[in-house]
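Student: The structure's right below; bear with me while I get my questions together.
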């Protein structure tokens with residue numbers, strides 16, 4: 001019989017609780033370990049599924065990157081869209097999807113300047129990218145990289161020839177509309193067509209606002225690695241993130257500084273939800289009840305209620321912090337959002353308390369947040 005020591009149980013609870021809100025102590029080292037170990041598990045599962053059916057060129061590529069996955073992964077490697085693509089491939093019966101995921105991971109791993117020399121078939125594979133550029137479709141692909149640069153050829157024609165990934169203007173990479181539309185076809189109808197300079201300036205302003213609230217700045221930047229600007233649909237500001245695309249955040253941009261900062265907080269919070277959910281189930285799947293969502297004005301599964309509560313609770317804390325700091329850029333907007341979200345919380349909390357399906361991880365995600373949100377004014381000393 002395995003008995004967990006009180007200290008181990010306390011440490012585990014502290015880790016779970018750290019995902020609940022921006023004000024909980026959070027260990028970057030633990031976060032990196034979770035991401036890297038998670039990616040290595042995905043790789044092992046991927047190899048078990050596809051290794052026996054690798055074509056010779058896919059086998060050679062897997063041989064080349066296997067040591068990197070085992071010994072040299074960084075957080076940026078692990079918490080990434082290509083690792084999410086490998087997870088998606090695990091649920092697919094299409095061998096081409098598996099090979100596409102393998103090549104996608106290799107292209108991601110070489111961006112910092114790792115060495116690779118590989119040639120193979122890419123027939124039927126689309127959506128490949130490297131260094132923020134779309135790789136045209138073709139029959140054959142040649143990748144040659146080292147710490148001095150990356151050269152990629154399709155059907156013998158050079159399509160990328162340049163230095164390794166450079167630093168970005170912002171703390172995360174902002175994807176060009178064409179690249180994002182090619183890589184994420186489900187998002188493409190809503191991708192912004194605003195000039196790059198307008199997107200960059202809006203992000204500067206939103207990140208400047210967050211810089212004045214260091215807890216929220218860390219919360220957003222810790223798990224956000226890619227940004228896709230979306231359009232504003234009428235008067236509706238859009239934002240999206242995806243459980244199978246770690247690190248990717250999409251939001252309407254340009255938007256006002258407070259609105260864009262809220263959207264970044266919203267979708268970054270989902271990244272914490274996804275990371276914890278990958279570490280430990282948040283509910284046990286037994287609760288088939290539909291619970292009313294005051295945001296969607298319809299009944300939703302308890303998983304979605306927890307997801308929404310987690311996001312809106314942290315958005316509430318954000319707007320309270322903006323108002324408490326003084327000189328709020330858009331005080332009327334923040335006041336309205338505080339009142340609106342405070343109206344949502346009792347319904348959410350009633351549903352979460354009533355569900356028998358939430359695991360220890362699910363409980364740790366919402367109960368500490370409820371304590372934080374119950375305090376009517378901003379305080380970073382709330383227990």
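Student: Would you mind stating whether residue 68 is in a helix (DSSP H, G or I) and either outside the structural domain of residue 28 (by TED's automatic domain parsing) or crowded, with 21+ Cβ neighbours inside 10 Å (or both)? Full working, then the answer.
Tutor: On the way: in a helix (DSSP H, G or I): yes; either outside the structural domain of residue 28 (by TED's automatic domain parsing) or crowded, with 21+ Cβ neighbours inside 10 Å (or both): no.
For residue 68, the condition - in a helix (DSSP H, G or I) and either outside the structural domain of residue 28 (by TED's automatic domain parsing) or crowded, with 21+ Cβ neighbours inside 10 Å (or both) - is not met.
Student: Has the stretch 45-61 got any residue that is without any contact (Cβ under 8 Å) to a residue 40 or more places away in the chain, within 22 Å of the chain's Cα centre (by Cα) and part of a helix (DSSP H, G or I)?
Tutor: There is no residue in the stretch 45-61 that is without any contact (Cβ under 8 Å) to a residue 40 or more places away in the chain, within 22 Å of the chain's Cα centre (by Cα) and part of a helix (DSSP H, G or I).
Student: Ok, one more. Residue under question is residue 118, and the condition is that it be touching a residue at least 60 places away in the same chain (Cβ under 8 Å), buried (at least 22 other Cβ atoms within 10 Å of the Cβ) and not assigned by TED's automatic domain parsing to the domain that holds residue 221; does it hold?
Tutor: no
Student: Then there is this: Residues that are closer than 24 Å to residue 253 by Cβ, in contact (Cβ under 8 Å) with a residue 12 or more places away in the chain, part of a loop (DSSP other than H, G, I, E, B) and not assigned by TED's automatic domain parsing to the domain that holds residue 220: does the stretch 132-141 have at least one?
Tutor: yes
Student: I've got another one for you. Being part of a helix (DSSP H, G or I) and touching a residue at least 60 places away in the same chain (Cβ under 8 Å) is the filter; apply it to the stretch 205-217 and report the residue that is nearest to residue 264 (Cα to Cα).
Tutor: 216
Student: Checking the structure you have, find out if any residue of the stretch 6-15 is under 29 Å from residue 105 (Cβ atoms), modelled with pLDDT under 95 and in contact with a helix residue (DSSP H, G or I) (Cβ under 8 Å, 6 or more places away or on another chain).
Tutor: Yes.
Student: Quickly run through the stretch 255-305 and pick out the residues that are surrounded by 22 or more Cβ atoms within 10 Å (Cβ to Cβ), over 17 Å from the mean Cα position of the chain (by Cα) and farther than 20 Å from residue 237 by Cα.
Tutor: Those that are surrounded by 22 or more Cβ atoms within 10 Å (Cβ to Cβ), over 17 Å from the mean Cα position of the chain (by Cα) and farther than 20 Å from residue 237 by Cα: 282, 302, 305.
Student: While we're looking at this one, here's another question. Does at least one position in the stretch 24-36 carry a residue that is surrounded by fewer than 19 Cβ atoms within 10 Å (Cβ to Cβ) and in contact with a strand residue (DSSP E or B) (Cβ under 7 Å, 6 or more places away or on another chain)?
Tutor: No, every residue in the stretch 24-36 fails to be surrounded by fewer than 19 Cβ atoms within 10 Å (Cβ to Cβ) and in contact with a strand residue (DSSP E or B) (Cβ under 7 Å, 6 or more places away or on another chain).
Student: Here's another thing I want to ask about it. For residue 196, are the conditions met, namely being surrounded by fewer than 21 Cβ atoms within 10 Å (Cβ to Cβ), over 10 Å from the mean Cα position of the chain (by Cα) and closer than 16 Å to residue 180 by Cβ?
Tutor: Here the answer is yes, as residue 196 does meet what is asked.
Student: Identify, by number, the condition in (1) crowded, with 20+ Cβ neighbours inside 10 Å; (2) farther than 30 Å from residue 195 by Cβ that residue 150 doesn't meet.
Tutor: So the condition that residue 150 fails would be (2).
Student: For residues in the stretch 161-184 being without any contact (Cβ under 8 Å) to a residue 12 or more places away in the chain and over 13 Å from residue 229 (Cα atoms), which is nearest to the chain's Cα centre (by Cα)?
Tutor: 168
Student: For the structure I just gave you, tell me whether residue 73 is surrounded by 22 or more Cβ atoms within 10 Å (Cβ to Cβ) and either in a helix (DSSP H, G or I) or touching a helix residue (DSSP H, G or I) at 6+ places or on another chain (Cβ under 7 Å) (or both).
Tutor: Spelling it out, it is not the case that residue 73 is surrounded by 22 or more Cβ atoms within 10 Å (Cβ to Cβ) and either in a helix (DSSP H, G or I) or touching a helix residue (DSSP H, G or I) at 6+ places or on another chain (Cβ under 7 Å) (or both).
Student: Going through 251, 194, 202 one at a time, which residue ends up being in a strand (DSSP E or B) and either outside the structural domain of residue 278 (by TED's automatic domain parsing) or under 21 Å from residue 329 (Cβ atoms) (or both)?
Tutor: On the way: 194 fails: in a strand (DSSP E or B); 202 fails: in a strand (DSSP E or B).
After applying the criteria, what remains is 251.
Student: Looking at the stretch 222-232, can you tell me whether even one residue there is in a strand (DSSP E or B), more than 16 Å from the chain's Cα centre (by Cα), over 27 Å from residue 338 (Cβ atoms) and in the same structural domain as residue 323 (by TED's automatic domain parsing)?
Tutor: No, that holds for no residue.
Student: Further, regarding this structure: Would you check if there is a residue in the stretch 350-370 being surrounded by 14 or more Cβ atoms within 10 Å (Cβ to Cβ), without any contact (Cβ under 8 Å) to a residue 40 or more places away in the chain, in the same structural domain as residue 271 (by TED's automatic domain parsing) and closer than 28 Å to residue 257 by Cα?
Tutor: No: zero hits.
Student: For the stretch 94-121, give me each residue that is closer than 17 Å to residue 77 by Cα and in a strand (DSSP E or B).
Tutor: Residue satisfying the conditions is 116 alone.
The values are calculated or read from the model by the stated rules, or taken from the named source; none is laboratory data. In this text the structure is predicted, and so the values were computed from the model without any measurement. Note that each Cβ is placed from the backbone with ideal geometry, even for glycine, and that neighbours are counted across all protein chains shown.
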